[in-house]
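See below for the structure under consideration.
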C-alpha cells in the first residue's frame with residue numbers, strides 16, 4: 001500500500017472491525033478472525049519528539065530511530081540550522097539509519113538553511129554508500145548550495161575520488177561553477193587532489209576554464225605551489241601562457257610565490273619570462 005498511497009508504512013495502521021482498535025503489526029489474518037474488511041488509518045506525525053529523532057539519527061541509534069518513527073515522528077523535522085535527521089545520518093555515514101529514514105518518508109532533496117543537502121554532506125565527508133543510496137532516492141546531483149557549490153565540487157575539493165567517479169557516472173555536470181566561477185577541477189587543484197584532478201581531466205573537464213578572476217586551474221596549481229599538479233596540467237595540454245584579469249601568467253604567479261622548482265619547470269617548457277601584467281611587471285621584476 002505504501003507505493004499506491006505515497007504514505008510511508010510507518011504512518012499506516014489497520015483498524016480492526018467492530019471497534020477492535022488498531023491491529024498490532026505482528027497480528028496475522030487468521031488471528032483477526034479472517035475479517036472481510038479492514039479499515040486503513042493514516043496516522044498524523046507526532047510532535048515533541050523532534051530533538052530525540054535528530055539525536056538518534058546523529059548517533060546512528062537504529063533502535064531509537066525505529067521506535068520514534070513508529071510513533072510516528074516527523075522524519076523531516078529540522079534543528080536550529082535547518083538540518084534534518086537524514087542530513088545528520090548522512091554526515092556520519094550511518095547507512096542503515098539513512099535507509100530507515102528514507103523508508104519513513106524523509107526527503108532526500110531537503111536542504112538546510114545554507115542550501116546544503118544530505119547528498120552534499122555525504123559527498124564532502126566521503127561516504128560513497130550513502131551517496132549511492134541518496135542518488136537512488138532521487139537526490140538532485142547538480143543542486144547548488146547558496147554559494148553555488150554542487151556535490152561534485154564538494155567531493156572534488158575534499159579529494160573523495162570514489163564519490164567523484166560515481167557522480168560523474170551518474171551524469172554530474174563537470175563544468176558547473178560556484179559564485180566565484182570555480183569548477184570541480186579548480187577545487188581539486190586548489191585542494192592538492194592529484195588523483196581527482198587526473199580523473200576529471202581524463203573525463204574531459206575543461207582544463208583552461210577561468211574563474212571570475214580569470215584564473216585557470218594552472219594558475220591555482222602554481223599559486224598553491226603544487227608542483228605535481230602543474231606538471232599534470234602541463235602534460236595534459238593546459239595553456240601555460242594564459243593571463244588572469246590582472247594580466248598575470250602562471251610564471252608570474254610562480255615567481256611571486258617563490259617556488260623556483262615551478263619557475264624552472266615552466267621556463268624549461270618555453271614560457272615567456274618577459275610577459276608583463278596589466279601594470280607592466282614581468283616575472284623578472286618580481
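To keep it simple, each residue is scored yes or no on (1) at pLDDT 55 or above; (2) under 23 Å from residue 119 (Cα atoms); (3) loosely packed, with under 11 Cβ neighbours inside 10 Å; (4) in contact with a helix residue (DSSP H, G or I) (Cβ under 6 Å, 6 or more places away or on another chain).
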residue: 10; (1), (2), (3), (4): no, no, no, yes
residue: 18; (1), (2), (3), (4): yes, no, yes, no
residue: 23; (1), (2), (3), (4): no, no, no, no
residue: 41; (1), (2), (3), (4): no, no, no, no
residue: 69; (1), (2), (3), (4): yes, yes, no, yes
residue: 77; (1), (2), (3), (4): yes, yes, no, yes
residue: 80; (1), (2), (3), (4): yes, yes, yes, no
residue: 87; (1), (2), (3), (4): yes, yes, no, yes
residue: 96; (1), (2), (3), (4): yes, yes, no, yes
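Residue-level check: of (1) farther than 30 Å from residue 146 by Cα; (2) surrounded by 22 or more Cβ atoms within 10 Å (Cβ to Cβ); (3) out of contact with any helix residue (DSSP H, G or I) (no Cβ under 6 Å at 6 or more places or on another chain), residue 259 misses just (2). How many residues, within the stretch 91-124, are in a loop (DSSP other than H, G, I, E, B) and either over 18 Å from residue 50 (Cα atoms) or touching a strand residue (DSSP E or B) at 6+ places or on another chain (Cβ under 6 Å) (or both)? Counting residues in the stretch 91-124 that are in a loop (DSSP other than H, G, I, E, B) and either over 18 Å from residue 50 (Cα atoms) or touching a strand residue (DSSP E or B) at 6+ places or on another chain (Cβ under 6 Å) (or both) gives 7. Give me a count of the residues in the stretch 243-286 that are more than 13 Å from residue 221 (Cα to Cα) and part of a loop (DSSP other than H, G, I, E, B). Counting residues in the stretch 243-286 that are more than 13 Å from residue 221 (Cα to Cα) and part of a loop (DSSP other than H, G, I, E, B) gives 25.
What do you reckon, is residue 230 in contact with a helix residue (DSSP H, G or I) (Cβ under 6 Å, 6 or more places away or on another chain), farther than 25 Å from residue 139 by Cβ and either outside any helix (DSSP H, G or I) or at pLDDT below 95 (or both)? I'd like the intermediate steps shown before the answer.
Details: in contact with a helix residue (DSSP H, G or I) (Cβ under 6 Å, 6 or more places away or on another chain): yes; farther than 25 Å from residue 139 by Cβ: yes; either outside any helix (DSSP H, G or I) or at pLDDT below 95 (or both): no.
In short, no.
When residue 188 is tested against (1) farther than 26 Å from residue 281 by Cβ; (2) within 27 Å of the chain's Cα centre (by Cα); (3) not in a helix (DSSP H, G or I), just one condition goes unmet, and that condition is (3).
The values are calculated or read from the model by the stated rules, or taken from the named source; none is laboratory data. As the structure is a computational prediction, the values presented were derived from the model and not from experiment. Please note: Cβ atoms are built from the backbone with ideal geometry, for glycine as well, and neighbour counts cover all protein chains shown.
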